[in-house]
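The values are calculated or read from the model by the stated rules, or taken from the named source; none is laboratory data. Predicted model, so just to flag it, every value in this text is computed and none were measured. All Cβ positions, even for glycine, are placed from backbone atoms using ideal geometry, and neighbour counts span all protein chains on display.
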Amino acid sequence: MSNDLMGTVALVTGASSGIGAATARRLAAEGASVALVARREDRLDEVRRSIEAAGGVARAVAVDITSRAGAQAAVDRTVEAFGRLDTVVNNAGVMLIGPFADAPVGEWERMVDVNVLGLLYVTKAALPHLVRAAEDGPRRTADLVNISSSAGRVARPGTAVYNLTKFGVNGFTEALRQELQAKRVRVSVIEPGNVDTELASHTRDELRAGVEEQIRAIEKLQPEDIADAVAYVVTSSRRVAVNEVFVRAADQSW
């Protein structure tokens, strides 16, 4: 365990699996106390136990961030437990692939709810604490990291609404970065390519085989690869602002 983030507190959404779980473990290994936010309490407890077994500190916070009340509760419970908030990683996301014309409207709504509204709600609730941490925290800076996607840069058939949400995350991140720059709250976006997570499993059964065939030849990134990118961003000296990190699988051309 390092001490780069010792004395700080991080909140990670979507922390029950994949990139979120790997990021929570990595930030805890860097010395942060970590709030694990997601809906699946049993999975959060597994991640919490793994962090504690490695000598870290974590708290499971089972809420649904797609409601404003849930997002506010996630932040409030984090600050109640640990006394402050220095780092937020907005990682929760869902990807529902398929031709736009045939897609159930509920799929669009779910992606907008999680990928956009959940991120906005958590960010809004967290900002006062991040500004305060940058003013008086041990590192005199704070970090907001949004996990976007290569789909925030490259549009492809069958991912129209997912593209909409991730292009939006990229634009929001850059605008907010400019708003908060003077307050030393660093706002960053990380855009992973194809990662070995549960994300593709959200696709409807009749479309999943086609998706899997598209990516069959790609050696996927691992969640830990993206956790490394997050750690690089948030452990950088306060004189450094890493605005954007784009990480593709080496075999991925799009």
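Within the range 27-40, identify whether any single residue is crowded, with 24+ Cβ neighbours inside 10 Å, in a helix (DSSP H, G or I) and not acidic (Asp, Glu), and answer yes or no.
Looking for residues that are crowded, with 24+ Cβ neighbours inside 10 Å, in a helix (DSSP H, G or I) and not acidic (Asp, Glu), one finds at least one in the range 27-40, hence yes.
Take the range 86-115 and flag every residue that is buried (at least 23 other Cβ atoms within 10 Å of the Cβ) and among the charged types (D, E, K, R).
Within the range 86-115, 86 is the sole residue that qualifies.
Exactly one condition in (1) under 29 Å from residue 135 (Cβ atoms); (2) of a type in the set (S, T, N, Q); (3) touching a Ser or Thr at 6+ places or on another chain (Cβ under 6 Å) is not met by residue 23; state its number.
Going through (1) under 29 Å from residue 135 (Cβ atoms); (2) of a type in the set (S, T, N, Q); (3) touching a Ser or Thr at 6+ places or on another chain (Cβ under 6 Å) one by one, residue 23 breaks only (3).
Any idea how many residues of the range 30-66 are in contact with a Lys or Arg (Cβ under 6 Å, 6 or more places away or on another chain) and basic (Lys, Arg)?
0
Which members of the range 1-23 meet the condition of being in contact with a Gly (Cβ under 8 Å, 6 or more places away or on another chain), surrounded by fewer than 20 Cβ atoms within 10 Å (Cβ to Cβ) and of a type in the set (Ser, Thr, Tyr)?
Filtering the range 1-23 for residues in contact with a Gly (Cβ under 8 Å, 6 or more places away or on another chain) gives 1-9, 12-14, 20.
This time we only want the ones that are surrounded by fewer than 20 Cβ atoms within 10 Å (Cβ to Cβ), so: 1-4, 6-7.
Passing the criteria: only 2.
Being within 28 Å of residue 102 (Cβ to Cβ) and not hydrophobic (A, V, I, L, M, F, W, C) is the filter here, so list the residues in the range 158-183 that pass it.
Here is the first cut: in the range 158-183, the residues within 28 Å of residue 102 (Cβ to Cβ) are 158-171.
Listed by number, the residues that qualify are 158, 159, 162, 163, 165, 166, 168, 170, 171.
Within the range 177-189, how many residues turn out to be surrounded by fewer than 17 Cβ atoms within 10 Å (Cβ to Cβ) and in contact with a strand residue (DSSP E or B) (Cβ under 6 Å, 6 or more places away or on another chain)?
Initially, the range 177-189 is screened for residues surrounded by fewer than 17 Cβ atoms within 10 Å (Cβ to Cβ), giving 178-179, 181-183.
Within this subset, residues satisfying the condition of being in contact with a strand residue (DSSP E or B) (Cβ under 6 Å, 6 or more places away or on another chain) are none.
Residues that pass the stated criteria total 0.
Based on what the data block shows, is residue 98 part of a loop (DSSP other than H, G, I, E, B), out of contact with any Phe, Trp or Tyr (no Cβ under 6 Å at 6 or more places or on another chain) and modelled with pLDDT under 95? I'd like the intermediate steps shown before the answer.
Values: part of a loop (DSSP other than H, G, I, E, B): yes; out of contact with any Phe, Trp or Tyr (no Cβ under 6 Å at 6 or more places or on another chain): yes; modelled with pLDDT under 95: yes.
So residue 98 fits the description; yes.
I'm trying to understand the selection: among the residues of the range 136-158, which are of a type outside the set (A, V, I, L, M), under 16 Å from the mean Cα position of the chain (by Cα) and buried (at least 20 other Cβ atoms within 10 Å of the Cβ)?
Filtering the range 136-158 down to residues of a type outside the set (A, V, I, L, M) leaves 136-141, 143, 146, 148-150, 152-153, 156-158.
Cutting the leftovers down to under 16 Å from the mean Cα position of the chain (by Cα) gives us 143, 146, 148-150, 152.
Across the range 136-158, the qualifying residues are 143, 146, 148, 149, 152.
Tell me, yes or no, whether the range 16-25 has at least one residue that is modelled with pLDDT of 95 or more, touching a Leu at 6+ places or on another chain (Cβ under 8 Å) and closer than 17 Å to residue 120 by Cα.
Among the residues of the range 16-25, not one is modelled with pLDDT of 95 or more, touching a Leu at 6+ places or on another chain (Cβ under 8 Å) and closer than 17 Å to residue 120 by Cα, which makes the answer no.
Any idea which residue in the range 231-249 is surrounded by the most Cβ atoms within 10 Å (Cβ to Cβ), counting only those that are in a loop (DSSP other than H, G, I, E, B) and of a type in the set (Gly, Ala, Ser)?
Initial filter on the range 231-249 (in a loop (DSSP other than H, G, I, E, B)): 236-243, 248-249.
Of the ones still in play, those that are also of a type in the set (Gly, Ala, Ser) are 236-237, 241, 249.
Values: 236: 16, 237: 8, 241: 16, 249: 19.
Result: 249.
Restricting attention to the range 131-149, report how many residues are small (Gly, Ala, Ser), farther than 14 Å from residue 4 by Cβ and either free of Cβ contacts under 8 Å to residues at least 24 places away in the same chain or not in a helix (DSSP H, G or I) (or both).
Filtering the range 131-149 for residues small (Gly, Ala, Ser) gives 133-134, 137, 142, 148-149.
Applying the additional criterion that residues be farther than 14 Å from residue 4 by Cβ yields 133-134, 142, 148-149.
Pick out the ones that are also either free of Cβ contacts under 8 Å to residues at least 24 places away in the same chain or not in a helix (DSSP H, G or I) (or both) and you get 142, 148-149.
Qualifying residue count, the range 131-149: 3.
Check whether at least one residue in the range 11-19 is touching a residue at least 24 places away in the same chain (Cβ under 8 Å) and more than 15 Å from the chain's Cα centre (by Cα), and report yes or no. Walk me through it before giving the result.
Filtering the range 11-19 down to residues touching a residue at least 24 places away in the same chain (Cβ under 8 Å) leaves 11-19.
Narrowing further to those that are more than 15 Å from the chain's Cα centre (by Cα): none.
Scanning the range 11-19, I find no residue that is touching a residue at least 24 places away in the same chain (Cβ under 8 Å) and more than 15 Å from the chain's Cα centre (by Cα), so the answer is no.
Just the residues that are in a loop (DSSP other than H, G, I, E, B) and out of contact with any Phe, Trp or Tyr (no Cβ under 8 Å at 6 or more places or on another chain), please, taken from the range 41-75. Walk me through it before giving the result.
Step one: of the range 41-75, the residues in a loop (DSSP other than H, G, I, E, B) are 54-56, 63-67.
Selection gives 54, 55, 56, 63, 64.
For the range 175-230, which positions are in a helix (DSSP H, G or I), at pLDDT 65 or above and of a type in the set (Asp, Glu)?
179, 224, 225, 228
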